[in-house]
Structures are given as structure tokens and as C-alpha cells.
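What follows is a set of notes on a single structure, which appears directly below.
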Amino acid sequence: MLRTNESFLSYLEQLYDTQKRKEDIVIRSFLKGERLLTQDEKPSKIMLIKEGITKCYFTEENDKEFIMEFLGKGEILGEIEFIKKIPCLCNVEAMTDVEVYAISISHFSFLFKNDLTFNNLLIDSFAERIINTSSRASYQQLYTTEHNLGKLLQLQSKQEIDISKEDMAAYLGITIRSLNRSMKKLE
């Protein structure tokens, strides 16, 4: 439910500390509620979360949101858009105050073409996402909404974050009304 990648974070910290041009990788801060990436806009940097929690979500044509993932330390943002040369697929918003390593497009391109360790971490990240997406899809089909809601409430408690009812419903792919019914069943 909350995705993290300590290996990628550790490697990017090394790159940040040893960089020659201090503008290649910079630390940026985002306040709770601020957007890091906006759907259909071109990203200006590739980011790796240093600290904090974000939500990654689609806004559909009917203005409904569907939360794909909650992303934490070590998760990378904007890399797919760079590789495919497309605008942002989804929105990424800070759920807590967030710090990121913001990598310039030119430096990311250099790392992508020349750094085998960086590429292996990127491939591992992609593989992990495929596994998580497929297991989440099957999990949501095989278990009740109440069971999945219970897991989400555990995440909220463990991470000490507030997840609004709207976000819970958007993550579970249900309406607020269905969420309220499921919450009553859990009581």
C-alpha cells in the first residue's frame, strides 16, 4: 500500500553527495497538499522521494480520482514520462510535507545512458511496480471491500497520516457511500 525503495534512495544519496555540478541534483521541498507532478503536463525534473508520503492518482474525464499508489522514500517520479517522451500520466500530490531529490532532465538522460547501477535500480523499480499493480488488482477482486479498507486503515495508523474518506474511496475504487457502509460493517 505504501511503496518505498531504500536501495534507490541510498544510491541517489550517494550521487547527490558526490556530484560535481551541484545543479544536476537538488533537494526540493513540497508542503502537504502541493502537487509534485500534474497530469497531462510535461515534467521539468525527475524526482526521487527523500522524505514524506505522496499519492499518485488519475483524474478521469468525469473529474473522479483513482489513486494508484501511495509513494514514500526512494520512489521515483517522472521517469516513465521521460523515457516515453510523454506528458505526466497522473498527478502526484504530497500527503505530508515531502522532500525530493530533483534530477535535471539532462543529468537523468546522462545517468540513463551511462550508469549501469542506476539502470538496474530503475528496472527493479519497474518490475516492482508491475508486481504490485497485478497483485493489488487480484487482491481487490478476491477480498471484500471491508478487508481492503481494514488494510488501508492499518496503513493510516502505522504511518500516522490522515487519509480522507475521499482518498480512501479513490484508492479502493468505490463511492463515498459504499465506503461509509463498509466502515459501519467494520465497527
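The values are calculated or read from the model by the stated rules, or taken from the named source; none is laboratory data. Owing to the predicted nature of the structure, the values given are computational and were not obtained by experimental measurement. Here Cβ is always computed from backbone atoms with ideal geometry, including for glycine, and neighbour counts include all displayed protein chains. When the accessible area is computed, the model is the full protein with side chains, heavy atoms only, and any ligands, DNA or RNA have been set aside. Shrake-Rupley method; radii C 1.70, N 1.55, O 1.52, S 1.80 Å.
Sorted largest first, the principal axis extents computed over the alpha-carbon atoms of region 99-187 equal 54, 29, 22 Å. Accessible area per residue (1.4 Å probe, heavy atoms of protein chains only) ranks Ser135, Ser44 as Ser44, Ser135, with the largest value leading. Of all DSSP beta bridges confined to the chain, the antiparallel ones make up roughly 95%.
Would you mind calculating the relative contact order of region 102-187 from Cα pairs under 8 angstrom and at least 6 residues apart, reporting the percent as a whole number? Relative contact order comes out at 23 percent. Ligands, DNA and RNA left out, the 1.4 Å accessible surface of region 1-87 is 48% carbon and sulfur atoms.
Expressed as a whole percent, the accessible area of region 88-140 that falls on carbon and sulfur atoms is 64 (1.4 Å probe). Normalising the average separation of contacting C-alpha pairs (under 8 angstrom, six or more residues apart) by the number of residues puts the relative contact order of region 2-115 at 40 percent.
Each of the trypsin sites (Lys or Arg not before Pro) that DSSP puts in a loop and that has at most 16 other Cβ atoms within 10 Å breaks the chain; the longest unbroken stretch is 86-187.
Looking at region 2-115, the accessible area is 52 square angstrom per residue; that uses a 1.4 Å probe and ignores ligands, DNA and RNA. Of the GluC sites (Glu not before Pro) found in region 140-170, the ones in coil according to DSSP and having at most 15 other Cβ atoms within 10 Å of their Cβ are Glu160.
Heavy-atom accessible surface of Ile25, to the nearest 10 Å², is about 0 Å², with a 1.4 Å probe and all protein chains retained.
Accessible area per residue was computed with a 1.4 Å probe on protein heavy atoms; Asp17 scores about 110 Å². Inter-label distance, Ile105 to Arg28: 1.3 nm, where each label sits 7 Å from its Cα along the C-beta direction. Modelled spin-label separation between Ser10 and Glu60, with each label point placed 7 Å from Cα along the Cα-to-Cβ direction: 4.1 nm. Over all other residues within a Cβ to Cβ distance under 15 Å of Arg181, the charged ones net out to +2, with Lys and Arg as +1 and Asp and Glu as -1.
From the coordinates of this entry, Cα Rg over 2.2 N^0.38 Å is computed, and it appears in (1) 1.08; (2) 0.93; (3) 1.00 under the label (1). Solvent exposure of Ile123, expressed as accessible area, is near 110 Å², computed with a probe of 1.4 Å over the protein chains only. Taking each of Lys32/Lys185; Lys165/Lys185; Lys45/Lys151; Lys20/Lys73 in turn, the alpha-carbon distance tops 26 angstrom for Lys32/Lys185; Lys45/Lys151.
Below 8 Å between Cα atoms, with a sequence gap of 6+, how large is the relative contact order for region 46-171 in percent? Numbers along the way, then the final one.
Numbers: 136 pairs, mean separation 35.1, N = 126.
28 percent.
Rounded to the nearest 500, the helix-only mean residue ellipticity at 222 nm of the chain stands at -15000 deg cm²/dmol, with each DSSP H run of n ≥ 4 adding -39,500 (n - 2.57).
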